């Protein structure tokens, strides 16, 4: 696919110290959040790179090429804590890959029919609708768990997950360790596909992947978010190869972002061992809801470009674009802050316990 | 520190000790044991860690407890005597002395004088002796040479002293060697990789973006970075002392054997001869 992709290698930007530092820091924060909730970070990185003057497709390709090694490192780290279900990750990832291809195909068609603004509007509407529905549900569930006072208790299966696990379609049943049950692969096909489509559209498939593993298949939050890293690896590897075939990957950009994000992902992965499962849902829900507002600011811009509403002045467009980006960065920073704070608190508590134990034993 | 507060804290610790071992057993043991642990209190510090330590130690080595209270203000001694009567009933002897000279001299003098008391260990909060760091402790060592029994300094948990305590409790795991060498090795490799990438960026970009089979090059580079730099970041956080919870490494999620496909024993007809 993507025969129409122009050869943009000549447009690779010159790197200066400020650019390198900026990408390193954004990479670190994005990695931290990804390590914790399984995905994220990419939605700031792609526009972040574009703001440096990187052409859109090169930004998407380079982001993709930094995503799979990062996800690999994160998945290996979290597998050490027994949180990864490799089988589910690979099966899910294969269907997600198909979703990525189909999602990109749809994007192209929309672009051909309605131009750049139409394509952007489609992306923003997808962002707003999916983030509002899924993000709202995830956040509500996390807050409910927290308020119920049973935050430390084992997570309960949702009623959909109970039903999905009870359905027996002969010949399609596969046992997954994170579900501790056999589930028909036919349920994973649409979930993986939707994850891939979202990844192709907004660069963060995990916003569908993780909640669907938790709420539809019945995986615990820790395992769902860790398994998403395997899905991201499979998707990212396929996607990167596709873009690399067209010479669109700027390995320098991918490398610099990786330099920061590999620090972040290790920290985020370790962070999951200090927190109660609901916090993973909480961080994910918070990020999704904040990002939702960021994209909502962009919708009027695209509507006006399409001539569906009154044309906006250049200043208004600029203000809306900057506000949108600032909110997106804020979402990521908020997530990173919650992760770091929870980790600091968890470490402090553990150290106090250790001191006590040592003392009592002495 | 108020003497009242001190005696209250001590009573709390004692009652915890009673609940664990049983009041009668504690009293019986304390009275019968010939060897004693000497707990030195000065009323200078509110921390009761030394008292907890002395009680745990006495239980472990099967010894009784003696308390030496070095009062800086002797006027309060009568109150202390009153409040510690209960201790006497369960076999904890106490001695209240005015502390005229330096504390260490008072302790040495007391142990010399009480040869009959068979004191196996003297336990004191290190801050009572003005020791606040490992360095202070070393400087102080030679003064104690004339002491007839081992002296245990108990300190409030602090980074340095807790390491000493971990050695005492043989918690070697906490002291395991940090992977500094590995971090440096991976760090050098990582710097080398990035330097090669950024110093030859124009040549690399030209080759890597040719498309077709050349597409494998950026992918291979990304894998190489994830291995080398990923290894470095992993060891970096370990060396910085930031690790996952120990619990997470101990309690792995164990895959439960699923029994769906297990063959069921089929009843068979047995022919009898």
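Worth a mention:
- Any chance residue A:349 is modelled with pLDDT under 85 and surrounded by 12 or more Cβ atoms within 10 Å (Cβ to Cβ): no
- Selected residue [at pLDDT 90 or above, closer than 28 Å to residue B:217 by Cβ and away from chain B (no Cβ under 13 Å)] from A:234, A:204, A:189, A:185: A:234
- Yes/no for residue A:38 being farther than 29 Å from residue A:14 by Cβ, within 14 Å of chain B (Cβ to nearest Cβ) and in contact (Cβ under 8 Å) with a residue 40 or more places away in the chain: no
- Filtered residue count, segment A:341-357, keeping only those that are at the interface with chain B (Cβ under 8 Å from one of its Cβ atoms) and over 15 Å from residue A:272 (Cα atoms): 2
- Residues in segment B:51-72 that are within 12 Å of residue B:120 (Cβ to Cβ), surrounded by fewer than 19 Cβ atoms within 10 Å (Cβ to Cβ) and away from chain A (no Cβ under 12 Å): B:61, B:62.
- Residue B:217 being farther than 22 Å from residue A:78 by Cα and either within 8 Å of chain A (Cβ to nearest Cβ) or modelled with pLDDT of 90 or more (or both): yes
- Of all the numbered requirements in (1) more than 27 Å from residue B:34 (Cβ to Cβ); (2) modelled with pLDDT of 70 or more; (3) surrounded by 13 or more Cβ atoms within 10 Å (Cβ to Cβ), residue B:105 misses one, and that requirement is (1).
- Taking segment A:149-177 as the range and being at pLDDT below 85 and surrounded by 12 or more Cβ atoms within 10 Å (Cβ to Cβ) as the test, the residues that pass are A:150, A:151, A:153, A:155, A:157.
The values are calculated or read from the model by the stated rules, or taken from the named source; none is laboratory data. In this text the structure is predicted, and so the values were computed from the model without any measurement. Cβ coordinates were reconstructed from backbone atoms using ideal geometry, including for glycine residues, and neighbour counts include every protein chain displayed.
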